Amino acid sequence: MELLNASLVEWSRAQFAMTAAYHWLFVPLTLGLGLIVCIMESIYVKSGDEKWKHATKFWMTVFGINFAIGVATGLILEFEFGTNWSNYSWLVGDIFGAPLAIEGILAFFLEATFLSLMFFGWKKLSKGGHLAATWLCVIGATISAFWILTANAWMQYPAGSHLVAASQRMEMTNFWDVLSPVAFNKFFHAVVSSWVLGATFVLGVSCWFLLKKRNVAFALKSVKIASIVGLVAIVLTILTGHSSAREVAAKQPMKLAAMEGLYDGTTNAKLVAFGIINPSKTYDNKENPFIFKIDVPIPGFLSWIATYDSKSFIPGVNDILNGGYTQFDGTQALSFAEKQARGIAANSALKQFSIFYNQKDTVSANAVWAEQAENTKYFGYSHIDKAADMIPNVPLVFYSFHIMVLLGGLFLLLFIVALIMKGKIEKAKWLQIIALICIPLAYLCSQMGWVVTEVGRYPWAINEVLPLNAAVSKLATGSVQLTFFLFLVLFTALLIAEVTIMVKQIRKGPQEN
């Protein structure tokens, strides 16, 4: 597989990152606002109170605006696998395509079908029928997220697959192994964190109505639902985040090391509350990783999070590159140099296999490949030149992770205070302003989570299988740059259009007559 120049790789990464970041502006609000709409309509059907119907219709309209733009950006994102990352698609398309195909055939059609009933069926369906359509639409969107997140989780932990020498492609060995604990953790964490964003959005917009002293009854009802959903969701986000951290520690130790700015492993590892990364720190110098930091005052807290044993050893960047430590599964970690050598041996064996296979000497071909059975899992390391290429952008991953965690703590406090205030929130202008400010902070928090997930996986397109420099399409760098700016303009225009329409709809308020 041909390796392409660094500039092309970086521009292709930038284009995909920009597309994904724009797309993720819309997805969490769809999932979070969808749940709140379902709850409000359920209350309306049970109580018969028309005010709950008005509230449902208002938030449903905002949901629809956001949903439409999200679909447009999502389609372009999927096409980029074929245009910018064709080597990736060729190598793993049989595996990666399966969950995406299920998402398109099952989940997307489910949500699309019931979306129309949800919006245009108020006078056509009974109350119960319309409520069912609303729930099924939101459930369809959630199922859609499950299959997309399963595909992404497989990139983080490529279970249930192996490299087939004859086709020189990855093939699935067990579909159910693809649905790994990594996939379920990623799904639950992404969905419940989206509920947090949706609740924060509803709470903030409702507080805007209270600030303007408009539609007060509607705003107070919305505040109540948003606060309850938000509090439950942020607690679930913390719990699923903890589970995800354990999976990262076991399967992506380099990502965990970057998240904590940890260069030298230690037992009784402390969790960093926050710090300032030393910009001159590299893996091969002795400088302190931090200019300043504050640790969580619980001894061995990082070790406990990773293994439920506060005395366990957590490897740092240098340990992962040098090997020699005992991994969580009890095996001895190999150094980068050892993995690279094994990967080169596997790559050489694959070339020999191809020669014998083309000569129809399958006995010799299979014998050559069988000799490298233990080394095939290191095949991707043959495309990485040096140890330094194994290290993600530590400052970016570290700051993104800690900003995400700190904002999560802020949202927990916000929802608790909003529930305690209850009816008094109408007069608490300070809380109304904070709730408004938290809307963009919720989007920032959500984006930071994806930065940690994707940048922390560097240099892999598929973790420890396919590096980025072997996954990208053979394109002119200039063409990728051109499409980057075209998409940037297009997505920015779509975002401005969505925000403009949303603001107009919010200013219009619920139609209560």
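The values are calculated or read from the model by the stated rules, or taken from the named source; none is laboratory data. These numbers come from a predicted model, not from an experiment. Here Cβ is always computed from backbone atoms with ideal geometry, including for glycine, and neighbour counts include all displayed protein chains. Surface accessibility is based on the protein's heavy atoms, side chains included, excluding ligands, DNA and RNA. Shrake-Rupley method; radii C 1.70, N 1.55, O 1.52, S 1.80 Å.
Here is a list of conditions, (1) touching a residue at least 12 places away in the same chain (Cβ under 8 Å); (2) in contact with a strand residue (DSSP E or B) (Cβ under 8 Å, 6 or more places away or on another chain), and residue 164 meets all of them except one; can you say which number that is?
Exception for residue 164: condition (1).
Determine which single condition residue 392 fails, assuming it passes every other condition in (1) without any contact (Cβ under 8 Å) to a residue 40 or more places away in the chain; (2) assigned to a loop (DSSP other than H, G, I, E, B); (3) not charged (D, E, K, R).
(1)
Taking segment 446-488, which residues are within 19 Å of the chain's Cα centre (by Cα) and among the small types (Gly, Ala, Ser)?
446, 449, 456, 461
Name the residue, out of 485, 415, that is under 30 Å from residue 81 (Cβ atoms), part of a helix (DSSP H, G or I) and among the aromatic types (Phe, Trp, Tyr).
So the residue among 485, 415 that is under 30 Å from residue 81 (Cβ atoms), part of a helix (DSSP H, G or I) and among the aromatic types (Phe, Trp, Tyr) is 485.
So, in segment 235-283, how many residues would count as being over 20 Å from residue 298 (Cβ atoms), without any contact (Cβ under 8 Å) to a residue 24 or more places away in the chain and surrounded by fewer than 16 Cβ atoms within 10 Å (Cβ to Cβ)?
2
Scan segment 404-423 and give yes if some residue there is charged (D, E, K, R) and over 30 Å from residue 252 (Cβ atoms), otherwise no.
yes
Counting residues that are modelled with pLDDT under 90 and open to solvent by 40 Å² or more (accessible area, probe 1.4 Å), which helices (runs of 4 or more DSSP H) fully inside segment 298-381 reach at least 2?
Filter on segment 298-381 gives 336-358, 362-371.
Given the conditions (1) touching a helix residue (DSSP H, G or I) at 6+ places or on another chain (Cβ under 8 Å); (2) open to solvent by 30 Å² or more (accessible area, probe 1.4 Å); (3) modelled with pLDDT of 85 or more, and given that residue 100 satisfies all but one, which numbered condition is not satisfied?
Going through the list (1) touching a helix residue (DSSP H, G or I) at 6+ places or on another chain (Cβ under 8 Å); (2) open to solvent by 30 Å² or more (accessible area, probe 1.4 Å); (3) modelled with pLDDT of 85 or more, residue 100 breaks only (3).
Among the candidates 11, 59, which residue alone is open to solvent by 50 Å² or more (accessible area, probe 1.4 Å), in contact with a helix residue (DSSP H, G or I) (Cβ under 7 Å, 6 or more places away or on another chain) and at pLDDT 90 or above? Spell out how you get there, then give the answer.
Numbers: 59 fails: open to solvent by 50 Å² or more (accessible area, probe 1.4 Å).
Just one listed residue meets the conditions, 11.
Regarding segment 371-384, can at least one residue be identified that is without any contact (Cβ under 8 Å) to a residue 40 or more places away in the chain and out of contact with any helix residue (DSSP H, G or I) (no Cβ under 8 Å at 6 or more places or on another chain)?
Filtering segment 371-384 for residues without any contact (Cβ under 8 Å) to a residue 40 or more places away in the chain gives 371-375.
Then keep just the ones that are out of contact with any helix residue (DSSP H, G or I) (no Cβ under 8 Å at 6 or more places or on another chain); that gives 373.
There is at least one residue in segment 371-384 that is without any contact (Cβ under 8 Å) to a residue 40 or more places away in the chain and out of contact with any helix residue (DSSP H, G or I) (no Cβ under 8 Å at 6 or more places or on another chain).
Among helices (runs of 4 or more DSSP H) lying entirely in segment 72-184, which contain 2 or more residues that are more than 30 Å from residue 379 (Cβ to Cβ)?
Values: elements: 86-102, 109-120, 127-156, 175-178.
Answer list for segment 72-184: 109-120, 127-156.
If you go through segment 422-447, how many residues are open to solvent by less than 40 Å² (accessible area, probe 1.4 Å) and either over 12 Å from residue 203 (Cα atoms) or without any contact (Cβ under 8 Å) to a residue 24 or more places away in the chain (or both)?
Total meeting the criteria: 4.
Please work out which residue is most open to solvent (accessible area, probe 1.4 Å), limiting yourself to segment 382-416 and to residues that are among the polar types (S, T, N, Q) and over 30 Å from residue 227 (Cβ atoms).
If we take residues in segment 382-416 being among the polar types (S, T, N, Q) and over 30 Å from residue 227 (Cβ atoms), then 393 is most open to solvent (accessible area, probe 1.4 Å).
Any residue at all in segment 303-324 that is in contact (Cβ under 8 Å) with a residue 24 or more places away in the chain and closer than 26 Å to residue 171 by Cα?
No, because not a single residue in segment 303-324 is in contact (Cβ under 8 Å) with a residue 24 or more places away in the chain and closer than 26 Å to residue 171 by Cα.
So is residue 451 within 27 Å of residue 247 (Cα to Cα), touching a Ser or Thr at 6+ places or on another chain (Cβ under 7 Å) and assigned to a helix (DSSP H, G or I) or not?
yes
Among the candidates 201, 187, single out the residue that is farther than 30 Å from residue 428 by Cα, in contact (Cβ under 8 Å) with a residue 12 or more places away in the chain and either open to solvent by less than 10 Å² (accessible area, probe 1.4 Å) or in a helix (DSSP H, G or I) (or both).
187
Could you list, ordered by first residue, the pairs with Cβ atoms under 9 Å in which the first is in segment 64-80 and within 27 Å of residue 90 (Cα to Cα) and the second is not in a helix (DSSP H, G or I), at least 6 apart or interchain?
none
For the condition buried (at least 23 other Cβ atoms within 10 Å of the Cβ) and either under 30 Å from residue 126 (Cβ atoms) or aromatic (Phe, Trp, Tyr) (or both), what is the one hit in 32, 48?
Details: 48 fails: buried (at least 23 other Cβ atoms within 10 Å of the Cβ).
Exactly one of 32, 48 is buried (at least 23 other Cβ atoms within 10 Å of the Cβ) and either under 30 Å from residue 126 (Cβ atoms) or aromatic (Phe, Trp, Tyr) (or both), namely 32.
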